[in-house]
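The values are calculated or read from the model by the stated rules, or taken from the named source; none is laboratory data. From a predicted model like this one, the values you see are computed outputs, not experimental measurements. FYI the Cβ positions are ideal-geometry reconstructions off the backbone, even for glycines, and counts take in every protein chain you see.
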Amino acid sequence: MSAQAAERAGDLRLAQEQLEQAARACEAGGRGARAEQLRRHARRLAETLPGDTRKPFPERVPVLADAGQAAWCSFCCRPGQEVGSLVAGPAGAYICRGCVQRALSLLGRGAGGG
């Protein structure tokens, strides 16, 4: 959660460091798949590091992400090239169709809405 807070605040380097710490803890606990997810997200942050890493992201509403942008789903940590179109949300978050469907299922609304 502290990595997410750092990312929302625009401190991407701190977010990367905290994601790596969490990945090491996951590996030590035998959760290698989760460690890899965290590291993929850290690599995505590395690709987006601006010159001023403490500049906060502008607030915005969800929109279809630019297909040419190298973006990753913030939930499953898979690249857009693998999962297809992504929705871009506030603070640099992205979500793929598969994660939206899983989230709707978890919320008891199914893929049909509701």
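Within the range 1-53, take every residue that is acidic (Asp, Glu), at pLDDT below 85 and in a helix (DSSP H, G or I) and give me the one that is farthest from Glu82 (Cα to Cα). Explain how you work it out, then say what you get.
So in the range 1-53, the residues acidic (Asp, Glu) come out as 7, 11, 17, 20, 27, 36, 47, 52.
Subsequent filtering for residues that are at pLDDT below 85 retains 7, 11, 47, 52.
Next, from what is left, pick out any that are in a helix (DSSP H, G or I): 7, 47.
On the way: Glu7: 23, Glu47: 17 Å.
Top of the filtered list is Glu7.
Of all residues in the range 1-13, one or more are over 20 Å from Gly89 (Cα atoms) and touching a residue at least 24 places away in the same chain (Cβ under 8 Å).
Could you go through the range 28-41 and let me know if any residue there is within 14 Å of Gly92 (Cα to Cα) and in contact (Cβ under 8 Å) with a residue 12 or more places away in the chain. Yes - at least one qualifying residue is present in the range 28-41.
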